[in-house]
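Just below is one structure, and these are the notes that go with it.
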Amino acid sequence: MTFVRSFSWTLRVLSGFILFSGSVLAQDLPSKNSEAVSEASARLSKESRGIPPEELPKVKQQFLLFAKYYGDLISNPTFYKNSIDPKLGSAPTRTIPIMDRSNTIPSVLSDMDRFILEPNLNTKVNEEKIDYIREMGIAFDSVLKPLVESNSERIVRINAARLLAEVCRSGAAAHWPTITSLLNNANTAAEIKYYALQGAGNLLAAYKIQEYKFRSHSNGAKEVGALAQATTVCIENSGHLVPGFKQGESTKDQEAVVQFVRKQAIKALGQIRYASIPGPDGKQMMYPAYTLAQVCVSDPKLFPSPTPSECGEAVLGICNMSTSVFNSPFKGYNPAGVAEAVAAGLVTFATPRAEPGERTLAWRNYSYRLAEAFKNWRPLFDPVYDATQPGNFSAAAVPPIVNDLITRVQTLILAPIDKVDINGKADPNSAVNIEGMKDFLNQLRNNPTRNPLLFTDRPETVIYNPIKK
């Protein structure tokens with residue numbers, strides 16, 4: 001199979017056309033272990049107060065049986081051939097579970113919604129569930145990791161990676177080295193990297209239960225740095241992201257695959273909640289905000305050039321990043337530089353929407369997400385901001401240039417996208433004021449006192465400026 005045909009098939013899989021549904025013969029499918037399900041349900045209940053040491057061996061065993069059912073299910077030929085073998089579509093005896101979420105059919109991902117806890121500011125999972133998250137993570141990782149890495153069936157590897165990405169929502173420590181290793185391996189197939197990047201984003205989105213107020217990640221600085229580094233490489237190096245891709249020898253189809261998968265890497269990096277973090281060695285600093293700024297400004301170092309949706313995701317990620325950690329501001333973070341990068345990203349993002357009737361992106365969904373991101377961005381400039389009290393922050397701490405940017409974005413970009421017609425539907429003829437946004441961006445780029453660095457003491461964070469002097 002040629003490179004193009006191979007990734008054409010991959011894109012069909014990733015788009016959901018071969019992620020299964022239907023009713024077929026199911027006698028050979030595994031059955032859930034009722035005792036394991038009961039154990040998981042009991043430990044998940046509000047009445048559960050953690051796992052006593054003397055009960056831990058039993059819980060480990062039952063959680064492993066619980067996870068093993070899903071591993072056995074997705075690697076069963078009756079399950080994964082459900083929609084690709086017409087012969088299996090006759091004489092159903094019971095409904096086969098599907099991967100996708102469903103309110104009417106047994107679903108693997110719907111089960112995960114029930115049993116996988118997500119510690120974040122909305123759920124505020126408490127410390128009594130730390131043992132549950134840890135042990136359930138160990139169980140699922142031990143089952144899914146070998147399926148992803150070495151199962152002989154490609155579709156099993158893909159489905160296992162997809163399930164692994166979902167269970168990563170818990171932030172469980174067991175998943176961090178597995179996901180990091182998959183991303184670091186240059187030979188990991190692009191379709192597996194796609195779901196590994198989803199898993200990376202889910203891990204980074206999970207909060208440390210004891211430190212909601214500081215927006216701490218669920219794992220230590222070393223593990224966060226290692227995963228951030230692996231994700232960054234996927235953004236910076238297209239040949240690492242998609243094995244076999246070579247700049248200068250690529251076709252448009254191949255470049256589209258890179259952009260499709262890289263967008264997931266950008267979304268994952270955008271889940272890091274600090275503009276700067278320690279690297280894996282704990283010494284050299286990393287600057288995830290700068291990597292996203294490179295996407296926003298379409299830095300020529302990135303090939304192929306970022307798409308509008310990639311730039312939109314990069315803007316969302318930058319707006320998620322605090323300018324301090326544990327009440328200590330980062331040295332040299334340049335608000336004018338970050339405003340310039342965000343403005344550039346929004347110009348690329350919104351330019352297609354300037355055309356009447358443009359429908360290539362879910363514009364109103366993006367508009368909602370961006371509006372929320374800008375609302376939540378302002379407090380992140382306050383060094384003593386407590387994330388558990390989102391409305392309580394010092395407005396004086398927000399740089400004037402950031403306030404100016406947000407006001408312009410709301411008027412020039414978001415309001416036109418949100419405009420509806422007489423039927424209450426999105427008005428595709430309501431054009432964004434892209435020229436007004438470009439004028440603002442050019443003002444920032446042509447400012448005689450412009451500092452070209454995102455971090456003023458770090459020369460490696462120079463912001464690309466296409467304007468010729």
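The values are calculated or read from the model by the stated rules, or taken from the named source; none is laboratory data. This is a predicted model, so every value here is computed, not measured. Glycine also receives a Cβ, built like all others from the backbone with ideal geometry; neighbour counts cover every protein chain displayed.
Can you tell me which residue is surrounded by the most Cβ atoms within 10 Å (Cβ to Cβ) among those in region 430-469 that are under 22 Å from Thr323 (Cβ atoms) and of a type in the set (S, T, N, Q)? Looking at the filtered set, the residue picked out is Thr461. Counting only helices (runs of 4 or more DSSP H) that fall entirely inside region 98-188 and contain at least 1 residues that are over 19 Å from the mean Cα position of the chain (by Cα), the qualifying elements are 108-115, 130-150, 154-167. Evaluate the following for Val342: is it surrounded by 24 or more Cβ atoms within 10 Å (Cβ to Cβ) and in contact (Cβ under 8 Å) with a residue 12 or more places away in the chain? Yes: the conditions hold for Val342. Anything in region 13-32 that is modelled with pLDDT under 50, part of a loop (DSSP other than H, G, I, E, B) and among the aliphatic types (A, V, I, L, M)? List them, or say none. Selection gives Ile18, Leu19.
Put simply, of Glu223, Glu191, Glu211 the only residue that is charged (D, E, K, R), closer than 23 Å to Trp377 by Cα, outside any loop (DSSP other than H, G, I, E, B) and not assigned by TED's automatic domain parsing to the domain that holds Ser328 is Glu211.
Cβ-Cβ contacts under 6 Å between residues 6 or more apart (or on different chains), taken from a first residue in region 430-456 that is more than 22 Å from Phe349 (Cβ to Cβ) to a second residue that is modelled with pLDDT of 95 or more and part of a helix (DSSP H, G or I), are listed as Leu453/Thr461; Phe455/Thr461.
Go through region 274-287 and give me each residue that's out of contact with any Pro (no Cβ under 8 Å at 6 or more places or on another chain) and under 17 Å from Asn219 (Cα atoms). The answer is Pro278, Gly279, Pro280, Asp281, Gly282.
Would a scan of region 194-203 turn up a residue that is surrounded by 24 or more Cβ atoms within 10 Å (Cβ to Cβ) and more than 13 Å from the chain's Cα centre (by Cα)? Taking every residue of region 194-203 in turn, none turns out to be surrounded by 24 or more Cβ atoms within 10 Å (Cβ to Cβ) and more than 13 Å from the chain's Cα centre (by Cα). Of all residues in region 33-72, those satisfying the criterion of being β-branched (Val, Ile, Thr) and part of a helix (DSSP H, G or I) are Val37, Val59. I'd like the residue in region 226-268 that is modelled with pLDDT under 95 and polar (S, T, N, Q) and, out of all such residues, is nearest to the chain's Cα centre (by Cα). Once the filter is applied, the top-ranked residue is Gln254.
This table checks each residue for (1) polar (S, T, N, Q); (2) at pLDDT 95 or above; (3) within 18 Å of the chain's Cα centre (by Cα); (4) part of a helix (DSSP H, G or I).
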position: Ser309; (1), (2), (3), (4): yes, yes, yes, yes
position: Glu313; (1), (2), (3), (4): no, yes, yes, yes
position: Asn320; (1), (2), (3), (4): yes, yes, yes, no
position: Lys331; (1), (2), (3), (4): no, no, no, no
position: Val338; (1), (2), (3), (4): no, yes, no, yes
position: Thr348; (1), (2), (3), (4): yes, yes, no, yes
position: Thr351; (1), (2), (3), (4): yes, yes, no, yes
position: Thr360; (1), (2), (3), (4): yes, no, no, no
position: Tyr368; (1), (2), (3), (4): no, yes, yes, yes
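Only residues that are surrounded by fewer than 21 Cβ atoms within 10 Å (Cβ to Cβ) and of a type in the set (A, V, I, L, M, F, W, C) were counted in region 118-144, giving 4.
Of the set (1) surrounded by fewer than 23 Cβ atoms within 10 Å (Cβ to Cβ); (2) in a helix (DSSP H, G or I), all apply to Phe245 but (2). Across region 411-437, the qualifying residues are those that are assigned to a helix (DSSP H, G or I) and among the acidic types (Asp, Glu), and the one among them that is nearest to Leu316 (Cα to Cα) is Asp418.
Picking from residues in region 150-163 that are farther than 18 Å from Phe63 by Cα and in contact with a Ser or Thr (Cβ under 9 Å, 6 or more places away or on another chain), the one that is surrounded by the most Cβ atoms within 10 Å (Cβ to Cβ) is Asn159.
Of the residues that make up region 447-462, is at least one among the aromatic types (Phe, Trp, Tyr) and part of a loop (DSSP other than H, G, I, E, B)? No, the conditions are met nowhere in region 447-462. In this structure, Phe393 does not satisfy being in contact with a Cys (Cβ under 8 Å, 6 or more places away or on another chain) and under 18 Å from Leu121 (Cα atoms). Among the residues of region 373-385, are any in contact with a Leu (Cβ under 6 Å, 6 or more places away or on another chain), closer than 25 Å to Tyr290 by Cβ and either modelled with pLDDT of 95 or more or of a type in the set (Asp, Glu) (or both)? Checking region 373-385: at least one residue is in contact with a Leu (Cβ under 6 Å, 6 or more places away or on another chain), closer than 25 Å to Tyr290 by Cβ and either modelled with pLDDT of 95 or more or of a type in the set (Asp, Glu) (or both). Listed by first and then second residue, the pairs with beta-carbon distance under 8 Å, at least 6 apart or on different chains, first residue in region 386-403 and over 15 Å from Pro335 (Cβ atoms) and at pLDDT 95 or above, second surrounded by 10 or more Cβ atoms within 10 Å (Cβ to Cβ) and polar (S, T, N, Q), are Asp386/Asn392.
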